[in-house]
1. When the residues of the range 282-318 are filtered to those that are open to solvent by 10 Å² or more (accessible area, probe 1.4 Å) and within 15 Å of the ligand (Cβ to nearest atom), which remaining residue is nearest to Thr131 (Cα to Cα)?
2. Name, by its number, the condition in (1) open to solvent by 20 Å² or more (accessible area, probe 1.4 Å); (2) under 22 Å from the mean Cα position of the chain (by Cα) that does not hold for Asp451.
3. Give the residues of the range 228-248 that are in a loop (DSSP other than H, G, I, E, B), touching a residue at least 60 places away in the same chain (Cβ under 8 Å) and crowded, with 21+ Cβ neighbours inside 10 Å, sorted by residue number.
4. Mind counting the residues in the range 211-227 that are in contact (Cβ under 8 Å) with a residue 40 or more places away in the chain and surrounded by 13 or more Cβ atoms within 10 Å (Cβ to Cβ)?
5. Suppose we filter the range 333-359 for residues that are of a type in the set (Val, Ile, Thr) and open to solvent by 60 Å² or more (accessible area, probe 1.4 Å); how many remain?
6. Tally up the residues in the range 222-274 that are among the acidic types (Asp, Glu) and more than 16 Å from the ligand (Cβ to nearest atom), please.
7. When you check Glu54 against the structure, is it under 25 Å from Gly279 (Cβ atoms), more than 16 Å from the ligand (Cβ to nearest atom), over 24 Å from the mean Cα position of the chain (by Cα) and not aliphatic (A, V, I, L, M), yes or no?
8. If I go through the range 130-159 residue by residue, how many of them are open to solvent by less than 20 Å² (accessible area, probe 1.4 Å) and touching a strand residue (DSSP E or B) at 6+ places or on another chain (Cβ under 7 Å)?
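The values are calculated or read from the model by the stated rules, or taken from the named source; none is laboratory data. Note that this is a predicted model, so its numbers are computed, not measured. When we count neighbours, we look across all protein chains shown, and the Cβ atoms used for this are built from the backbone with ideal geometry, even at glycine. Side chains are part of the model used for accessible areas, which takes the heavy atoms of the whole protein and leaves out ligands, DNA and RNA. Shrake-Rupley method; radii C 1.70, N 1.55, O 1.52, S 1.80 Å.
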Amino acid sequence: MSEKPNSYLPILADNMTTPQLTETDRRTLDEKVVYPWEDVSVSRSPKTFLTRGEGIYVYDNAGNRLIDGPGGMWCVNVGHGKTEIAEAIAEQAMTLGYVSPWSFGMDHTLRLTQRLAAYTPGDLNHVFYTTCGSTAVDSALRFMFFYNNCRGLPDKKQIIARRDGYHGSTFLGASCSGKTEDKSNMDMAKGLVHHISNPKPLNRPHDMTVEVFCDRLVAELEEKILELGPLSVGAFIAEPVLGSGGVVVPPPGYHQRTLEVCRKHDVLYISDEVVTAFGRLGSMFASEEIYGIVPDMITTAKGLTSGYVPMGALFISDRLLDELRELSVDHTYFTNGFTYSGHPVAVRAAETNLDIIEAERLLEHVREVGPYFQQRLGELAELDVVWEVRGEGLMAAVECTLDSNNPDEARDSEFALIVDRISQENGLIVRPVYNSCVMSPPLTITREEIDQLVDILRCALEEASAEVGPGN
Ligand code: PLP
């Protein structure tokens, strides 16, 4: 077993200035919060409370320094503690804290829009600002409904999504998400969303090549459109890399071929880049630069403000809006919007976030350290409990199984939780997705910090294996 990397053991923060709650108060008050994805039937173990962050690190209330492996939730792209963002937020809040997007505009919003449109693929030059990723997804789907209604195609509304995809927590977004476990005891939009296969190459039959697997996936999409009828299918929604589904990179050619099928049948292609946009894979948007596609709409959030304040954005192609403008339909109001669409404070955070990505050359940095990150994590595949290591850029999954001939999601997810606990004791946050330890650290991560992250994860995998191994 590898020696525990002593130098990586949690380091105590020296500047904890905020008065702390007592442990008893914290526990009592914490009971009153209903957290996302909480099992309300059992009382949960207390959460770790965080007090501050700096770069790739966060500090807990005991003062321990932890590497933020998931980058918050795939969102803290420029890293923690960026005073420039804090200052821009403060300046805007003090100057003008709110502007109604129904009635007024702001130069900062236009400047941000111009900058974003310069980065988007093809003709996706129109921006609809939202409050988060779920509302961006919801807005994209509602735009598809609206677009087809205006075109006189009221039946063209069905949506095709993928199993294990994740598209958010609003009614429509959750209905598109493809994890069956997340749907128990929850209602979904009935008969509206149809799920096709997760494009995970590891799932293919042992004797099937990746090329044939890709042919099957593309054929499955077309068969689904034909089965439902092209006049009934409005959109296909897909993450370029399935994030919460366990960092699934589809086979080469998959994105372009699925887009061709959509174009052939007049089905809008929505690329859900809530995780992959703003540098995660070394480009502002992954759709075109990495996967060679110009979709009809792109949804984003997270890295748009690096999580400092909530914000999302939906990018819509000029083609769709031009088409609507040319139809002489009365009352073409897109009756969709949020009080906080393009909130001034979020706009300033997004502008400054872009400044940092550009000034620190973070896209180039990700392209430089991404292969090293994948290579170092890839070395963990030599451990018996590691089934597969996969990823792209600074997004990766280390999928665990105690028996690759007999994978068992419940058992292997329990194992990943043990890895999570041990990692955190040693200074790394993991927060596994089922049986996969997913990693999406801040884009500023250095080679040395990648080494720290991988060393801690290796130790945790080894210790967890010893804990569940024979005789334990
Ligand atoms: N789409 C994708 C691909 C996501 O990963 C997420 C969140 O993780 C969402 C949509 C929903 O975003 P939010 O949680 O900001 O509403």
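1. Among those that are open to solvent by 10 Å² or more (accessible area, probe 1.4 Å) and within 15 Å of the ligand (Cβ to nearest atom), it is Pro310.
2. (2)
3. Glu239, Val241, Gly243, Ser244, Gly245, Gly246, Val247
4. 7
5. Total satisfying the criteria: 2.
6. Of the residues in the range 222-274, 5 are among the acidic types (Asp, Glu) and more than 16 Å from the ligand (Cβ to nearest atom).
7. no
8. Matching residues across the range 130-159 total 13.
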